[in-house]
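Every number here is computed from the coordinates shown, using simple stated rules; none is lab data. Because the structure is a prediction, the values reported are computed rather than measured. As a convention, Cβ positions derive from the backbone with ideal geometry for all residues, glycine included, and neighbour counts pool all protein chains shown.
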Amino acid sequence: MLKMKKFNLGPLETNCYLLYKGKEAIVIDPGGDPEVLLDYINNNGLTLKAILNTHLHFDHIQGNAELSSQTKAPVLSPEKDRFLLSEEVGAGGFMGLPKTPEFEFQNLESGETSFLGSTCHILNTPGHTPGSLSFFFPDLEGVFVGDLLFHRSVGRTDFPGGDAEVLKQSAREQIFVLPDNTTIYSGHGLDSRVLDEKLHNPFFHENSFF
Ligand SMILES: [Zn+2]
């Protein structure tokens, strides 16, 4: 059975998720110094198989290089976001924030695949960034959406490549069609559920001013 543990990493307290089954694990968005994550992995005798990124903003990828070099796990990220690594929002280092250590990554295509023996639907959910991906694991009844959606809110679209209309379309067509009881695990803040956000997220109401 697939299990999940959440860590808050980095200066923006990004939600980082460790998924594991038996002694194998994957990580989604290591957004800061991964020491606490490495301790957990080592103390529990886990083998890290892959590091996934929902998108290439600095606060979701800070720990990629260190985690990958310590565990030899490959980094899998959306190629469409590669340009962000040349922008402040990907490279970091602005306003006193840490710089993103350089890392290699393989492109993660959308479609059905499996991690740790569990099905994963990799969904194209652009809007916050052009390459943003979401990861739906039916076994967990959960979807990891990065900064596409938050509890009663949505991700910013004023960074390079952001588009508010595209973001809303992604949420409606890719996330709100999942089973109502699916947990939404966001890149920051609280978890939510598909039904709750369909009903109560003010960004998706007809009379919305946004
Ligand atoms: Zn972001």
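Looking only at residues in region 83-109 that are exposed (fewer than 15 other Cβ atoms within 10 Å of the Cβ) and of a type in the set (S, T, N, Q), which one is nearest to the ligand (Cβ to nearest atom)?
Within region 83-109, the match that is nearest to the ligand (Cβ to nearest atom) is Ser86.
For (1) within 22 Å of Leu167 (Cα to Cα); (2) charged (D, E, K, R); (3) in contact with a helix residue (DSSP H, G or I) (Cβ under 6 Å, 6 or more places away or on another chain), each residue gets a yes or a no:
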{"residue": "His57", "(1), (2), (3)": "yes, no, yes"}
{"residue": "Phe83", "(1), (2), (3)": "yes, no, no"}
{"residue": "Pro98", "(1), (2), (3)": "no, no, no"}
{"residue": "Glu109", "(1), (2), (3)": "yes, yes, no"}
{"residue": "Phe115", "(1), (2), (3)": "no, no, no"}
{"residue": "Cys120", "(1), (2), (3)": "yes, no, no"}
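Scan region 168-210 residue by residue and report those that are of a type in the set (A, V, I, L, M, F, W, C), surrounded by 17 or more Cβ atoms within 10 Å (Cβ to Cβ) and out of contact with any Leu (no Cβ under 7 Å at 6 or more places or on another chain). Give the derivation first.
Here is the first cut: in region 168-210, the ones of a type in the set (A, V, I, L, M, F, W, C) are 171, 175-178, 184, 190, 194-195, 199, 203-204, 209-210.
Remaining after also requiring surrounded by 17 or more Cβ atoms within 10 Å (Cβ to Cβ): 171, 175-176, 178, 184, 194, 203-204.
If the condition is that a residue be of a type in the set (A, V, I, L, M, F, W, C), surrounded by 17 or more Cβ atoms within 10 Å (Cβ to Cβ) and out of contact with any Leu (no Cβ under 7 Å at 6 or more places or on another chain), then Phe176, Leu178, Phe203, Phe204 are the ones that fit.
Looking at region 58-82, which of the residues that are within 13 Å of the ligand (Cβ to nearest atom) and among the hydrophobic types (A, V, I, L, M, F, W, C) is nearest to the chain's Cα centre (by Cα)?
In this case the residue turns out to be Ile61.
Each row is one residue, and each column tells you yes or no for (1) more than 14 Å from the ligand (Cβ to nearest atom); (2) touching a Lys or Arg at 6+ places or on another chain (Cβ under 8 Å); (3) aromatic (Phe, Trp, Tyr).
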position: Ser132; (1), (2), (3): no, no, no
position: Phe150; (1), (2), (3): no, no, yes
position: Asp163; (1), (2), (3): no, no, no
position: Gln174; (1), (2), (3): yes, no, no
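Within region 33-47, is even one residue in a strand (DSSP E or B) and crowded, with 23+ Cβ neighbours inside 10 Å? Break it down into steps so the answer makes sense when it comes.
Narrowing region 33-47 to residues in a strand (DSSP E or B): 47.
Filter once more, keeping what is crowded, with 23+ Cβ neighbours inside 10 Å: none.
Within region 33-47, not a single residue is in a strand (DSSP E or B) and crowded, with 23+ Cβ neighbours inside 10 Å.
Here is a list: Glu165, Glu112, Glu141. Which entry is within 19 Å of Lys5 (Cβ to Cβ) and surrounded by fewer than 21 Cβ atoms within 10 Å (Cβ to Cβ)? Quick ask: steps written out before the conclusion?
Numbers: Glu165 fails: within 19 Å of Lys5 (Cβ to Cβ); Glu112 fails: within 19 Å of Lys5 (Cβ to Cβ).
On inspection, the qualifying residue turns out to be Glu141.
Taking strands (runs of 3 or more DSSP E) that fall entirely within region 83-142, which contain at least 1 residues that are without any contact (Cβ under 8 Å) to a residue 40 or more places away in the chain?
Working: elements: 111-115, 118-124, 133-137.
Per the criteria, 111-115, 118-124.
Quick check: is even one residue across region 188-196 outside any loop (DSSP other than H, G, I, E, B), of a type in the set (Lys, Arg) and farther than 13 Å from Thr54 by Cβ? Quick ask: steps written out before the conclusion?
Going through region 188-196, the residues outside any loop (DSSP other than H, G, I, E, B) turn out to be 192-196.
Checking the rest, the ones that are also of a type in the set (Lys, Arg) come to 193.
With farther than 13 Å from Thr54 by Cβ added as a condition, the list becomes 193.
Checking region 188-196: at least one residue is outside any loop (DSSP other than H, G, I, E, B), of a type in the set (Lys, Arg) and farther than 13 Å from Thr54 by Cβ.
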